[in-house]
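Written out below as structure tokens is the structure these notes cover.
The values are calculated or read from the model by the stated rules, or taken from the named source; none is laboratory data. Predicted model only: the values in this text are computed from it and were never measured. No Cβ is skipped: glycine too gets one built from the backbone with ideal geometry, and neighbour counts run over all protein chains shown. To get the accessible areas, we keep the full protein, side chains included, count just its heavy atoms, and leave off ligands, DNA and RNA. Shrake-Rupley method; radii C 1.70, N 1.55, O 1.52, S 1.80 Å.
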Amino acid sequence: MKGDAFDPDCPTRLVLDRIGDKWSVLVVLSLSDGPSRFTRLRDRIGGVTPKVLTQTLRAMERDGLLTRTVFPEVPPRVEYALTPLGKSLRTPIEAIAEWAEENVGAVVASRESHLV
């Protein structure tokens, strides 16, 4: 099934919402190096509340972008990892992140010149 992002009734827009969310983007980038625990993700991403990170991880798991593995230990250890579908997002997301890092100065300067 191929979607049409310009069709307002197409579920493609739900996918765009997921991958366009800044927290989802940062989770994909964080998990690009391999599985990670919640606390490491939270610390690496920075600025995300535990509640929002939990909601993001659950949504990404529901959408098939990552897996959540609970290890039978005391206390339980939980790791998150990208699925093959999630890994397929790495290249486009890394390209967007690189563009953002290279152009942040120009964007900030433009914003500042438009302040009233």
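Roughly how far apart, in whole Å, are the Cα centres of region 83-107 and region 5-70?
14
Using only DSSP helix segments of four residues or longer, with each worth -39500 (n - 2.57), what per-residue ellipticity at 222 nm results for the chain after dividing by its residue count and rounding to 500?
-18000 deg cm²/dmol
Answer with a single label: of (i) 112; (ii) 157; (iii) 85, which was calculated as volume of the Cα convex hull per residue in Å³ from the structure in view?
For volume of the Cα convex hull per residue in Å³, the calculated option is (ii).
On a straight-distance basis, which lysines could pair with LYS51 in a cross-link, Cα separation under 27 angstrom, same-chain partners fewer than 8 positions away excluded?
Partners within reach: LYS22, LYS87.
Taking a probe of 1.4 Å, how large is the accessible area per residue of region 11-113, in Å²? Write out the running numbers ahead of the final one.
Numbers: 6710 Å² over 103 residues.
Averaged over the residues of region 11-113, the accessible area is 65 Å².
Can you compute the FRET efficiency between LYS22 and ARG77 using 1/(1 + (r/R0)^6), with r the Cβ-Cβ distance and R0 = 22 Å? Round to the nearest 0.05. Please report the intermediate quantities before stating the final value.
Details: r = 27 Å, r/R0 = 1.24.
Plugging the Cβ-Cβ distance into 1/(1 + (r/R0)^6) gives 0.20.
What percentage of the solvent-accessible surface of the chain, computed with a 1.4 Å probe over protein heavy atoms, is contributed by carbon and sulfur atoms? Can you show the working numbers first?
Working: 4740 of 8210 Å².
Percent of accessible area from carbon and sulfur atoms in the chain: 58.
Arranged from highest to lowest average of other beta-carbon atoms within 10 Å per residue, in what order do the peptides 92-105, 52-65, 30-43 appear? Before the final figure, lay out each step's value.
Working: 92-105: 11.5, 52-65: 16.5, 30-43: 14.8.
Per-residue Cβ counts within 10 Å, averaged per peptide and sorted highest first, yield 52-65, 30-43, 92-105.
Report, in order of residue number, the helices in the chain meeting two criteria: a C-alpha extent of 15 Å or more along the helix axis, and a mean Kyte-Doolittle hydropathy of at least -1.0; treat each whole DSSP H run as one helix. Working shown, then result.
Numbers: long enough: 50-62 (18 Å, -0.57); 90-113 (33 Å, -0.19).
Span-like helices in the chain: 50-62, 90-113.
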